[in-house]
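What follows is calculated from the coordinates using simple rules that are stated; it is not laboratory data. Quick caveat, the model's predicted, so the values are computed rather than measured. Don't worry about glycine lacking a Cβ; one is built from the backbone with ideal geometry, like all the others, and counts go over all protein chains shown.
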Protein chains: 2
Amino acid sequence: SPGSVWPHPFSHVSTAQTFPVAVETFVFTYAPKSFKCDLLAEAFKRYEMIIINKHIQTLVTFRQLNTLTVTSLQVNLMAACEEYPSLDMDESYTLDVNSMAQASLSAKSVWGVLRGLESFSQILWESDSGQIVANKTNIIDKPRYAHRGILLDTSRHYQPLDVLLENIDGMAYNKINVFHWHIVDDQSFPYVSTVYPNLSQMGAFNPLTHIYTPEDVAAVIEYARLRGIRVVPEFDTPGHTTSMGKGQPGLLTECYTGCSPNGNYGPINPTVNTSYTFIKNLFTEVKSSFKDAYIHLGGDEVSFACWQSNPNITKWMKDNNITGDYSKLESVYIQQVLDISAAIGYSYIVWQEVVDNGVKVKADTVVEVWINNHPDNELAKVTGMGYRALLAAPWYLDYISTGEDWKRYYTYEPSNFNGTAEQKALLIGGEACLWGEYVDGSNVTPRLWPRASAVAERLWSQETVNDVDAATPRLHQHRCRMVQRGIPAEPLHPGYCKHEWRN
Amino acid sequence: SPGSVWPHPFSHVSTAQTFPVAVETFVFTYAPKSFKCDLLAEAFKRYEMIIINKHIQTLVTFRQLNTLTVTSLQVNLMAACEEYPSLDMDESYTLDVNSMAQASLSAKSVWGVLRGLESFSQILWESDSGQIVANKTNIIDKPRYAHRGILLDTSRHYQPLDVLLENIDGMAYNKINVFHWHIVDDQSFPYVSTVYPNLSQMGAFNPLTHIYTPEDVAAVIEYARLRGIRVVPEFDTPGHTTSMGKGQPGLLTECYTGCSPNGNYGPINPTVNTSYTFIKNLFTEVKSSFKDAYIHLGGDEVSFACWQSNPNITKWMKDNNITGDYSKLESVYIQQVLDISAAIGYSYIVWQEVVDNGVKVKADTVVEVWINNHPDNELAKVTGMGYRALLAAPWYLDYISTGEDWKRYYTYEPSNFNGTAEQKALLIGGEACLWGEYVDGSNVTPRLWPRASAVAERLWSQETVNDVDAATPRLHQHRCRMVQRGIPAEPLHPGYCKHEWRN
């Protein structure tokens, strides 16, 4: 049925009765006792545009006089505005279109209002005659998981600013609330650091055109903030740092062949103090730029070969009585980075290897499970150790195959692991990861959407909302809605949208 | 090295010596004795734009005074202009930039000039300082195969006109010379027929917005003609006709459950004369619209179940002494359609099942091999029967997988089947097929390019040009060139283009 909401609300009751919507003159208003908020003023403008655009693209419009008509949405924000979204934000809301065609939305926080505005825009639909209508509706909604993220990788390919913003729009349309920005990696270092400008100068693909300046970063964060989306940057160390090493001589371990350096570099050198000074200075800057309470520290896929080849590393390990124990060496590094991060006030997320390798982490660490070999067992282990967990493993969207792979993403139930109720509660959400090896501005958006929408519903909606057949027409409708709003979401199956991309 | 040409020419000799190119004032001229041609005037305009655009996007430009400079390309067309490209067209050319920085292009036909203009535009490259330069160069070039096609499917999804034209540009940049337009199929009938307007009225996804009018079809053909690209339409029968049946009652076989029709329809009813009258009228119109000497008649995947269920079909088969032999029934149909096509002056291409099922076809039929189960054996069989063949089986680009699948397309050697020299000569080319189940305007172009470029080189260049490692940087360069020209070709591997899409 038209006017379905994606992801599916906690409760959505509607009747067949519809009211026309006065799209040309539609306004959002505040309820008398509502708190008011600059952020909502911006949101009202955006959703007015979305509602008006729906109208503009229709072929025919009319509205009977003297008919009950939805002319406005009255918003009741029941608490003072917050500035930045956070892991603890309240995203619940209630939305009502009553039998008098009065539409109202109320929420305990500005973030809930944002989610409700999105749902309101989705319940509007275009009748066969081209009239925009809304059903009599009551929605009570709240997310199942607090952290619903999308990882985009701007290192394997540079993703232009417009492309990032477009996909943040896509996140808002899917009630995704975290942009996990895998901003740097081996291949390039586009982040422009003020304290270490050589990092992008030497490490970006091109230091003039393939970078994110402080203004760019601020623009991304502000764009996301206005949509209730957190931006969590990842500065992965000690591996995945080749590009970081180019602008910071001495940071990386020199690899040796026999008795002399061979010109290659391995992970960050964990045996010298300069490495930690660098990390501290960089992360201090990052924290002031990115605002969110969390940083992703990476910690995945650390190769030991280069450390093993380097006689200075070998000597240091002997001096410190850890000869041969490279996991221990990795732990020495990670432990210090965790301490630095904590000292500057950061909470942190790490990839699963950090705990797999036995590093002692703070109790409030979030561990992201990515290795797709029984991630359920890993979730059981991580939560059994008392850590909070994020699930990414089933949702690596860079892996592609012919056909409807969204169904696989959709039907992976994250809570389906062995553990107590306390353990289940430690799973705070998940992420769809679109690594950047094979995507850039030419193809990243249609590859992400609507495949990531399947993950969005899994993480927002209740566990019982898991029927692929029921989801298929709703997701098709949602895909067409994204297309109409300017997101080139790819098709699910043979068929068409009323308003096609580029038609 | 920069300024490489894709697909690789028959012979390409260049030296390290470069000349600056006067891009702002660059002109194409005719050699004194050259034939002249409206089609080339259009081509000159296009390539001037391409060359100027390369310049506009650069950051810095200078040209030393008193330096030998490429200021023009002198074109020598050695025969009168032809109006439409054909299977027999001559695409050979020679291109020279001599030690006096004089650039010249000569060809025996206008089609060769077009291919040479494309190569000329590709040998220009941007130096580190932003200067556009050309190496001293001599290219002698000709295609290996005469038919180098791309199939796009506008039935599973409607592909907007702009999207078709964009991809015809892509074809020109890759010296593809056939657009195989799989215009209709089960899912929708977007072709607007003048003699049977109900076909699109009832069979299109939307008869106002998801159609190709006669003007649209003419625009596609003209756009392709100007680029030396044939447009070969496919009207697949007797299967794949569900949408065709909607606007032509009585055309399709009624399927029965027990003794009564069950509301479903099967292939075209081969037992009634009205079917053949319809085909004759439709194809007569198609021939006058599409200009090319060839039509693709389809003939693939004919299911017998519906015919088997229908008592009228059963009776007819009994009356005609072919009881139980549904392959024979299919042959009866195909034979008549071939005769109709021949009678209206069409040459034709069919999918391999037509000959696999023993239908007697004209000696000059082209058989397209698509089933990816030892297509080499099928090529041996088809050419052994004396028919010309096209290879599509290894190049179904709708099948996707993670990573660099272009390498698989690139290394499939079409001539590698058992057969005599005469048989090898009957293989006239191949096609990359991007079936439309999962692509529309949102994603079709990046999914097609540069994957289809691998097929383009396989079909244009000599058999010995088959080294993936040598091709990789050239294809990356070519992909970036397409991006710069406005084709959102997707990335091959981690890395970047100097001028990124949407940056």
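Here are the numbers for this structure:
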| read-out | value |
| --- | --- |
| Dipole magnitude (debye, nearest 20) for segment A:147-467, charges at Cβ of Lys, Arg, Asp, Glu | 560 |
| Length-normalised contact order of chain A in % [C-alpha pairs under 8 Å, at least 6 apart] | 15 |
| Amide H partners (placed H, <5 Å) of B:SER109, local residues excluded | B:MET78 |
| Shielding of A:185-193 by partner chains, average beta-carbon count, 10 Å | 1 |
| Residue (of B:TRP307, B:THR464, B:HIS180) at the positive-pole extreme of segment B:147-467, dipole from beta-carbon charges | B:TRP307 |
| Ranked packing of A:432-444, B:440-452, most packed first, by mean Cβ within 10 Å | B:440-452, A:432-444 |
| Inter-chain shielding of A:440-453 (mean C-beta neighbours from other protein chains, 10 Å cut-off) | 5 |
| Cysteines (scope chain B) whose Cβ has no counterpart Cys Cβ under 4.7 Å | B:CYS259, B:CYS433 |
| Within segment A:11-141: Cβ-based charge dipole about Cα centre, in debye rounded to nearest 20 (Lys, Arg +1; Asp, Glu -1) | 400 |
| Rounded tilt (10° steps) of A:273-290 against the dominant C-alpha axis of chain A | 10 |
| Average beta carbon contacts from partner chains per residue of B:153-163, 10 Å cutoff | 3 |
| Estimated D of segment A:11-141 in µm² per second, where Rh is the Kirkwood radius over Cα pairs and Stokes-Einstein applies at 20 °C, 1.002 mPa s | 143 |
| Förster radius 41 Å - calculated FRET efficiency between B:THR257 and B:GLU422 (Cβ-Cβ, nearest 0.05) | 0.20 |
| Relative contact order (percent, whole number), segment A:351-405, Cα cutoff 8 Å, 6+ residue spacing | 34 |
| Cα-only radius of gyration and Dmax that characterise chain A, units Å | 24.4, 90 |
| Charged-residue dipole, Cβ positions (Lys, Arg, Asp, Glu), the protein assembly as shown about Cα centre, Debye nearest 20 | 980 |
| Highest average packing first - B:330-337, B:9-16, Cβ atoms within 10 Å | B:330-337, B:9-16 |
| Within the protein assembly as shown, percent of DSSP bridges classed antiparallel, to nearest 5 | 35 |
| Residue pairs, from the table A:LYS315/A:LYS360; A:LYS45/B:LYS498; A:LYS108/A:LYS280; A:LYS498/B:LYS246, whose Cα atoms sit over 30 Å apart | A:LYS45/B:LYS498; A:LYS108/A:LYS280 |
| Approximate spin-label separation A:HIS493-A:MET385, in nm, with each point projected 7 Å along Cα-to-Cβ | 4.2 |
| A:ASN377-A:ASP162 pseudo-label distance in nm [points 7 Å out on the Cα-to-Cβ vector] | 4.8 |
| Loop sites in segment A:123-227: GluC sites (Glu not before Pro), DSSP, at most 13 other Cβ within 10 Å | none |
| Structure-based [θ]222 nm, chain A - -39500 (n - 2.57) summed over DSSP H runs of at least 4, per residue, nearest 500 | -10500 deg cm²/dmol |
| Two-site FRET efficiency, B:ALA305 against B:LYS407, from Cβ-Cβ distance with R₀ of 56 Å, rounded to 0.05 | 0.90 |
| Centre separation in Å (Cα based) which lies between segment B:265-341 and segment A:298-340 | 73 |
| Reachable lysines from A:LYS136, criterion Cα separation under 22 angstrom, eight or more residues apart if same chain | A:LYS54 |
| Long-range HN-HN contacts of B:ASN310 with modeled amide H, under 5 Å | B:TYR256 |
| Ranked packing of A:175-181, B:155-161, A:28-34, most packed first, by mean Cβ within 10 Å | A:175-181, B:155-161, A:28-34 |
| Calculated FRET efficiency for the pair B:LYS318/A:GLU215, C-beta based, R₀ 56 Å, to 0.05 | 0.10 |
| Charge-dipole axis of segment A:11-141 as Lys and Arg at +1 and Asp and Glu at -1 on Cβ define it, positive-most pick from A:SER11, A:CYS37, A:ALA22 | A:ALA22 |
| Computed label-point distance, nm, for sites B:ASN281 and B:GLU222 using a 7 Å Cα→Cβ extension | 2.9 |
| DSSP bridge pairs, chain A: antiparallel proportion in percent, nearest 5 | 35 |
| Positive-end residue, the protein assembly as shown charge dipole about Cα centroid, Cβ charges, pick of A:SER86, B:ALA103, B:HIS210 | B:ALA103 |
